[in-house]
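Step one of this worksheet: look at the structure below.
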Amino acid sequence: MAMDCGIYGVVIKLRMFFILFLSLSTFTFTLSSSSSNVQINSNSILVALLDSHYTELAELVEKAMLLQTLEDTVGNNNITIFAPKNEALERDLDPNFKTFLLEPRNLKSLQSLLMSHIIPTRINGSEPGSTRHKTLSLQHHLTIQPNQTSQQWTVNGARILHLNAVTRPDGVIHGIERLLIPRSVQDDFNRRRSLVSIAAIKPEGAPEVDPRTHRLKKPAPPQNPGSPPALPIYDALAPGPSLAPAPAPGPGGPRHHFNGEAQVKDFIQTLIHYGGYNEMADILVNLTSLATEMSRLVSEGYVLTVLAPNDEAMAKLTTDQLSEPGSPEQIMYYHLIPEYQTEESMYNAVRRFGKVRYDTLRLPHKVDAQEADGSVKFGHGDGSAYLFDPDIYTDGRISVQGIDGVLFPHQEEEEVVVDKDVTQTRSGQPAKVVVKQRRGKLLETACWMLGTFGQHSRFTSCQ
């Protein structure tokens, strides 16, 4: 009986320990889940912003992909949003500056601009005197002070038109007269506009090169920074696929006046942010070393235009087309034009000349371009591709144009020996016709006489 009581007591203790363990586990799971997922209700200031009449600002917040960041901030703090009126973003803003903000490569500038309008604390406008607050963009501050003459509040010099325009339990929105542009964003815009470090080079004639040694016949004079390379781009390319280019004389050299690595990295990041060109970026960076080769070419002073097939076109490539050694490099070389071309320049060229042939880095093949359906069409027949996403990236040295197909060199014409009345090969392609020489009458008679004696096959002229 004592043994039964002992066993029963042990069972009770084990059961109580198990229940306590389950309770602690459930509490821990609930705590971690509630801390990681912030629930935004319909009465949130973010929902009010998206539904308010500040539509231009709400659209920019969505394009800058800041909703998740703002949700996390609202989950921890009240926020104050200074919202410019729609007219300030539609008509009063410089069109070039707005275009700069909406370019995918300038996403960080757009995010910094918008977060400098948001303070992670609640300000109702009842605070006395001038106050200075840190914004969500940590390197920027806003100064709020009352205007004694007009009895209005200002934020960094801009008048607050509608104080407490929208109020919610987790934040408040004040309407202001204009956009607040931080100094860092303005500097980024000025650098892009002036293109000081990446300005395009005025083309000059190629120097005389010894064809035996591929070297200049005379020593090249010292060149100023920004001048074009002395040798053509093909002499700067590596001798084989997937290798870094040979050094070429130019403004780069050991000092690297042109930062090709930064520019190539910038345009690849732009492809990824733009969307739909991840396969192209993966081939340039991971499957081949073309990104490194392109960066060295740009550092040496060369310019490039990239015809980038989108992901849908790259998905149509077969395993056989990519399995042979060097085939990915050869495919990409055919999409690299050693010129700086934009959508406007190519379209004007095909409009004026009808058909234009551009050199590629896959020698000796060229890519044909012509006008079609109000756009630029590359290639021939079923293997053609249209200019689909123009000017994805243009910085004066590298131009990226999106196309909707993968281009391959046009097949060379077959040379066959046929009769006079045959003008095509079996594949339907036009062929160079080589007509058999017709024998003279005297030779025809001699061959006929030899044939009667069975000696026709002894002479090749009679066969």
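The values are calculated or read from the model by the stated rules, or taken from the named source; none is laboratory data. All figures in this text were calculated on a predicted structure; none of them were measured in a lab. Don't worry about glycine lacking a Cβ; one is built from the backbone with ideal geometry, like all the others, and counts go over all protein chains shown. All accessible areas refer to the heavy atoms of the entire protein, side chains included, with ligands and DNA or RNA removed. Shrake-Rupley method; radii C 1.70, N 1.55, O 1.52, S 1.80 Å.
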Problem - Test set (1) more than 20 Å from the chain's Cα centre (by Cα); (2) open to solvent by less than 10 Å² (accessible area, probe 1.4 Å); (3) not hydroxyl-bearing (Ser, Thr, Tyr) - HIS335 fails condition number - result: (1)
Completion exercise
Per the list (1) surrounded by fewer than 18 Cβ atoms within 10 Å (Cβ to Cβ); (2) out of contact with any Leu (no Cβ under 8 Å at 6 or more places or on another chain); (3) of a type in the set (S, T, N, Q); (4) under 30 Å from GLN111 (Cβ atoms), residue check on SER299 breaks on (1)
Problem - Search result, residues across the range 91-111 that are free of Cβ contacts under 8 Å to residues at least 24 places away in the same chain and assigned to a helix (DSSP H, G or I) - result: PRO95, LYS98, THR99, LYS108
Handout entry: Exclusive hit being open to solvent by 20 Å² or more (accessible area, probe 1.4 Å), touching a Phe, Trp or Tyr at 6+ places or on another chain (Cβ under 9 Å) and either within 25 Å of GLY171 (Cα to Cα) or among the β-branched types (Val, Ile, Thr) (or both), set ASN86, ASN77
Key = ASN86
Exercise for the section: Determine, yes or no, whether ALA313 is in contact with a strand residue (DSSP E or B) (Cβ under 9 Å, 6 or more places away or on another chain), closer than 18 Å to TYR277 by Cβ and not in a strand (DSSP E or B). Expected result: yes
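Tally time: how many residues in the range 112-139 are closer than 29 Å to THR270 by Cα and without any contact (Cβ under 8 Å) to a residue 60 or more places away in the chain? Before you say what the answer is, go through the steps one by one.
First pass over the range 112-139, keeping only residues closer than 29 Å to THR270 by Cα: 112-118, 135-139.
Right, trim to without any contact (Cβ under 8 Å) to a residue 60 or more places away in the chain and you get 114-115, 118, 135, 137-139.
The number of residues fulfilling the criteria is 7.
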Problem - Condition broken by SER295, with the remaining ones in (1) without any contact (Cβ under 8 Å) to a residue 40 or more places away in the chain; (2) within 15 Å of ALA385 (Cβ to Cβ) satisfied - result: (2)
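This table checks each residue for (1) touching a strand residue (DSSP E or B) at 6+ places or on another chain (Cβ under 9 Å); (2) assigned to a loop (DSSP other than H, G, I, E, B).
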site	(1), (2)
LEU113	no, no
GLY129	yes, yes
TRP153	yes, no
LEU163	yes, no
THR167	yes, no
Exercise for the section: For the range 141-149, state whether one or more residues are touching a strand residue (DSSP E or B) at 6+ places or on another chain (Cβ under 6 Å), closer than 21 Å to GLU87 by Cβ and touching a residue at least 40 places away in the same chain (Cβ under 8 Å). Expected result: no
Fill in the blank from the handout: Given (1) farther than 16 Å from PRO409 by Cα; (2) open to solvent by less than 60 Å² (accessible area, probe 1.4 Å); (3) at pLDDT below 90, GLU324 misses just (2)
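Kindly indicate the residue of the range 168-186 that is touching a residue at least 24 places away in the same chain (Cβ under 8 Å) and open to solvent by 30 Å² or more (accessible area, probe 1.4 Å) and also farthest from ASN106 (Cα to Cα) among those meeting that condition. If you could, list the steps in order and put the result at the bottom.
Our first condition is that a residue be touching a residue at least 24 places away in the same chain (Cβ under 8 Å); within the range 168-186, this holds for 168-182, 184-185.
Subset that is open to solvent by 30 Å² or more (accessible area, probe 1.4 Å): 168-169, 177-178, 181, 184.
Numbers: ARG168: 32, PRO169: 34, GLU177: 25, ARG178: 21, ILE181: 14, SER184: 12 Å.
For the range 168-186, the residue satisfying everything is PRO169.
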Problem - Qualifying residue in the range 351-358 (condition: more than 19 Å from the chain's Cα centre (by Cα), at pLDDT 90 or above and surrounded by 16 or more Cβ atoms within 10 Å (Cβ to Cβ)) - result: yes
